[in-house]
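**Student:** Following this message is one structure expressed as structure tokens.
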Amino acid sequence: GTAAINYGFEEIGQQDMGKVMPVVLGMMLLFLLISFKRISATILPFIVIIAVIVMTLGVSGFVGLQFNNLTSAVTPILIAITIACTVHLLFTFFSARQAGYDRKQAAVISVEKNFLAILLTELTTVIGFVSNGASDVVPLQHMGSLAAIGTLLAWVMTMLILVPLLSLLPIKVKQ
């Protein structure tokens, strides 16, 4: 019956996540390492990613959203969104550092140049995910709500975690 089908979808979704997530994370690590050629630029986005995923799943449990095959797709979506958000700040930060600015000045420059662009990008992404609420398919509504919450958290956590870390950590940059 329906319960068996739902259980089957949930079981398959969890198995797929177990296979897909290591590949996604490995590809992201490789991408960051090739792009920035620095361990710090590889580790810092993952600190933000972990915070975003934990908080999003916490909100999911708090509001009682059921885990299903569609909501299981939120984690890789949030990884991609968070990577995009952090990479913009990192690129500008390292460019400013190479231009001779100290780490605090470079962090400020990075935020000044990227704040509005990243905010607008995240807000339009949230609008897209919230539009899933118009669907009659309840799991799609839940996925959209969870992805929208996670997208907002990606922006907030990038600003509250990454920016302070960039200004505080002694990250060396070749001039």
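The values are calculated or read from the model by the stated rules, or taken from the named source; none is laboratory data. From a predicted model like this one, the values you see are computed outputs, not experimental measurements. We place every Cβ from the backbone using ideal geometry, glycine too, and count neighbours over all the protein chains shown. To get the accessible areas, we keep the full protein, side chains included, count just its heavy atoms, and leave off ligands, DNA and RNA. Shrake-Rupley method; radii C 1.70, N 1.55, O 1.52, S 1.80 Å.
**Student:** Could you look at the range 35-84 and say what percent of its accessible area is carbon and sulfur, using a 1.4 Å probe and all protein chains?
**Tutor:** So the carbon and sulfur contribution to the accessible surface is 76 percent.
**Student:** How far is helix 138-157 tilted, in degrees, relative to the longest principal axis of the Cα atoms in the chain, given as a value from 0 to 90 rounded to the nearest 10?
**Tutor:** Once rounded, the angle reads 20 degrees.
**Student:** With the cut-off at 1.5 for a/c, could you classify the range 34-112 from its C-alpha gyration tensor as rounded, prolate or oblate?
**Tutor:** Verdict is prolate for the range 34-112.
**Student:** Quick one: angle between helix 40-63 and the longest Cα principal axis of the chain, in degrees between 0 and 90, rounded to 10, please.
**Tutor:** It is inclined by approximately 30 degrees.
**Student:** Additional query: So if R0 is 35 Å, what FRET efficiency would residue 50 and residue 112 give, r being the distance between their Cβ atoms, rounded to the nearest 0.05?
**Tutor:** My answer for the efficiency is 0.85.
**Student:** Okay, moving on. Here are a few candidate values for volume of the Cα convex hull per residue in Å³: [x] 139; [y] 186; [z] 99. Which one was actually calculated from the structure I just gave you?
**Tutor:** Step by step, volume of the Cα convex hull per residue in Å³ for this structure corresponds to label [z].
**Student:** Follow-up question, since we're still on this one. Suppose a student asked you for the relative contact order of the chain, using Cα pairs under 8 Å spaced at least 6 residues apart; what percent would you report?
**Tutor:** Relative CO of the chain lands at 28 percent.
**Student:** From the backbone phi of the range 77-93, what are the Karplus-calculated ³J(HN,Hα) couplings (6.51 cos²θ - 1.76 cosθ + 1.60, θ = phi - 60°) in whole Hz, Gly and Pro given as x?
**Tutor:** Those phi angles translate into 5, 5, 4, 5, 5, 5, 4, 4, 5, 6, 4, 4, 5, 4, 4, 5, 4 Hz.
**Student:** OK, next. Relative contact order for the range 96-175: what is it in percent, counting Cα pairs under 8 Å that are at least 6 residues apart?
**Tutor:** 43
**Student:** OK, next. Given 142, 107, 160, which one lies farthest toward the positive end of the charge dipole of the chain, if we put +1 on the Cβ of every Lys and Arg and -1 on the Cβ of every Asp and Glu?
**Tutor:** 107
**Student:** If each residue of separation counts as 0.36 nm, what is the full-extension length gain between residue 40 and residue 20 once their alpha-carbon separation is subtracted?
**Tutor:** Gain on stretching residue 40 to residue 20: 4.7 nm.
**Student:** Something else now. Each residue of the range 160-174 in turn: what ³J(HN,Hα) in whole Hz from Karplus with 6.51, -1.76, 1.60 and θ = phi - 60°, glycine and Pro shown as x?
**Tutor:** Once θ is set to phi - 60°, the couplings for the range 160-174 become 8, 10, 5, 4, x, 4, 4, 7, 9, 6, x, 7, 7, 9, 6 Hz.
**Student:** Here's another thing I want to ask about it. Give, rounded to the nearest 20 debye, the magnitude of the charge dipole that the chain has about its Cα centre when Lys and Arg contribute +1 at Cβ and Asp and Glu contribute -1 at Cβ.
**Tutor:** Charge dipole of the chain: 980 debye, to the nearest 20.
**Student:** Could you count how many Lys pairs in the chain have their Cα atoms under 22 Å apart, skipping same-chain pairs fewer than 8 positions apart?
**Tutor:** Qualifying lysine pairs in the chain: 8.
**Student:** Sticking with this structure for a sec: Would you work out the relative contact order for the range 39-130, in percent, from Cα pairs under 8 angstrom that are 6 or more residues apart?
**Tutor:** Here the relative contact order equals 25 percent.
**Student:** Sticking with this structure for a sec: At residue 127 and residue 169, where each label point lies 7 Å from the Cα along Cα→Cβ, what is the point-to-point distance in nanometres?
**Tutor:** About 3.4 nm, to one decimal.
**Student:** Shifting gears a bit: Could you tell me how many degrees, from 0 to 90 and to the nearest 10, lie between the Cα long axis of helix 2-36 and the main elongation axis, the longest principal axis, of the Cα atoms of the chain?
**Tutor:** 10
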